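Right, one structure below, let's go through it.
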Amino acid sequence: MERLPPLNALKAFEVAARTGNFTLAARELGVSSAAVSQQVRNLEDYFGKKLFLRTGNRIALTDAGHAVYPQTARALGDIAAVTARILSDEVRMRLVVSAPSSLAENWLAPRLSALLDSYPRIAIDIRVEEDPIDVMRQGVDIRISYGDYHYPELVKVRLLHDEVLPVCSPELSRGLGNDASLIDVHESAFIHTNWGPNYASHPTWSEWFAAQGSARRPDPSRGRRVGLSSLAISSARLGLGIALGQHALARADLEAGRLVALSSTTVRLGHPYCAFVPPAKTSRADVKRLIDLLKADGFSQPADMT
């Protein structure tokens, strides 16, 4: 940092120059006029310049004083403005949360809504992005990730290990009939989720049928294919087919009757969802509260970020 003059002396100089009188300056600062005069002398010694012309009880700025005063007054005014904003609580907390697109709308957003019950004035920045990201450089407070291996330098909290099950709209379910078996459903009715080239651990319809003891292997090229887990659930809700939907993402629709589960057989995802937090931010109350809300569907132990 560049060398700075004594700040108390700068403040005494600014008030004296603004009021034009050491006595008035002393009254504003709550000190004696002699103390103001001494602080101004300290500043003059620092600069090696006379800042005031003194005539009896009257003072006037010298040429050097006129050079110093405008920027000093502006800088001290900026500091006063920042202080006033902070003390009046105009500067609010900001929580930056980064999550994969599949989780942002159906799972993360409702929990952020619950966070606002505890922190109604908090500013929230939701960033939808895929792994990996530079958490530290991008100023992220919480990164939610599929898998527990992306960010070894951060504090990891396991949130939930989700599972998939077959879901569809109530209308499509009624069309299949009460006694219908998914083994008999035409392949064009299946919605397949393509997680992209970076993932190989997500469950497929073939794995789900294997869990039921069936050798059926639905062909994705003959069905409907989507690129997001959340889009698979939305497509099923709209009656576009039967999705192998993640339970955590589909829960609200299942509870509201917008989706129907066609079987109780589930297949677990290959990895859990985890939250990653920079070590310096683990003690923040808003971070801890959101972690607890995110864990409500998953692991039973409380969030441990020590």
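The values are calculated or read from the model by the stated rules, or taken from the named source; none is laboratory data. These figures come from a predicted structure and were not determined experimentally. Counting neighbours? That spans all protein chains shown, and the Cβs are built from the backbone with ideal geometry, glycine included.
Return the only residue of ALA80, ALA114, ALA84, ALA99 being over 21 Å from GLY139 (Cβ atoms) and modelled with pLDDT of 90 or more. Spell out how you get there, then give the answer.
Details: ALA80 fails: modelled with pLDDT of 90 or more; ALA84 fails: modelled with pLDDT of 90 or more; ALA99 fails: over 21 Å from GLY139 (Cβ atoms).
On inspection, the qualifying residue turns out to be ALA114.
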For segment 13-43, the count of residues that are of a type in the set (Asp, Glu) and in contact with a Phe, Trp or Tyr (Cβ under 8 Å, 6 or more places away or on another chain) equals 1
Looking only at segment 269-285, filter to residues that are in a loop (DSSP other than H, G, I, E, B) and either in contact with a Pro (Cβ under 7 Å, 6 or more places away or on another chain) or touching a residue at least 24 places away in the same chain (Cβ under 8 Å) (or both); which one of those is farthest from ALA200 (Cα to Cα)?
ARG284
Residue pairs qualifying under the 9 Å Cβ cut-off, at least six apart or on distinct chains, with the first in segment 1-20 being in the same structural domain as VAL68 (by TED's automatic domain parsing) and without any contact (Cβ under 8 Å) to a residue 24 or more places away in the chain and the second being among the small types (Gly, Ala, Ser) and surrounded by 19 or more Cβ atoms within 10 Å (Cβ to Cβ), are VAL15/ALA25; VAL15/ALA26; THR19/ALA25
On the given criteria, is GLY245 crowded, with 19+ Cβ neighbours inside 10 Å, among the small types (Gly, Ala, Ser) and outside any helix (DSSP H, G or I)?
yes
Suppose the filter is among the small types (Gly, Ala, Ser), under 23 Å from the mean Cα position of the chain (by Cα), in a helix (DSSP H, G or I) and surrounded by fewer than 17 Cβ atoms within 10 Å (Cβ to Cβ); does ALA296 pass it?
yes
Let me confirm something: among ALA210, ALA215, which residue is of a type outside the set (Ser, Thr, Tyr), more than 18 Å from THR266 (Cβ to Cβ) and free of Cβ contacts under 8 Å to residues at least 12 places away in the same chain?
ALA215
Filter segment 150-181 for residues that are under 32 Å from the mean Cα position of the chain (by Cα) and assigned to a loop (DSSP other than H, G, I, E, B); which is farthest from SER235 (Cα to Cα)?
GLU153
In this structure, does ARG137 turn out to be over 20 Å from the mean Cα position of the chain (by Cα) and over 19 Å from ALA248 (Cα atoms)?
no
Note: among LEU228, LEU182, LEU176, just one is closer than 24 Å to LEU103 by Cα and either surrounded by fewer than 17 Cβ atoms within 10 Å (Cβ to Cβ) or not charged (D, E, K, R) (or both), namely LEU228
Go through segment 213-232 residue by residue and tally those that are within 21 Å of LEU259 (Cα to Cα) and of a type outside the set (Val, Ile, Thr).
9
Any chance segment 160-171 includes a residue that's out of contact with any Asp or Glu (no Cβ under 6 Å at 6 or more places or on another chain) and loosely packed, with under 13 Cβ neighbours inside 10 Å?
yes
Does ASP253 fit the bill of being in the same structural domain as GLN138 (by TED's automatic domain parsing), acidic (Asp, Glu) and either crowded, with 18+ Cβ neighbours inside 10 Å or modelled with pLDDT of 95 or more (or both)?
no
Select from segment 126-154 the residues that are acidic (Asp, Glu), modelled with pLDDT under 95 and out of contact with any Cys (no Cβ under 7 Å at 6 or more places or on another chain) and list them in ascending order.
GLU129, GLU130, ASP131, ASP134, GLU153
Expected single match for modelled with pLDDT of 95 or more, in the same structural domain as LEU238 (by TED's automatic domain parsing) and among the aliphatic types (A, V, I, L, M) among VAL157, VAL167 is VAL167
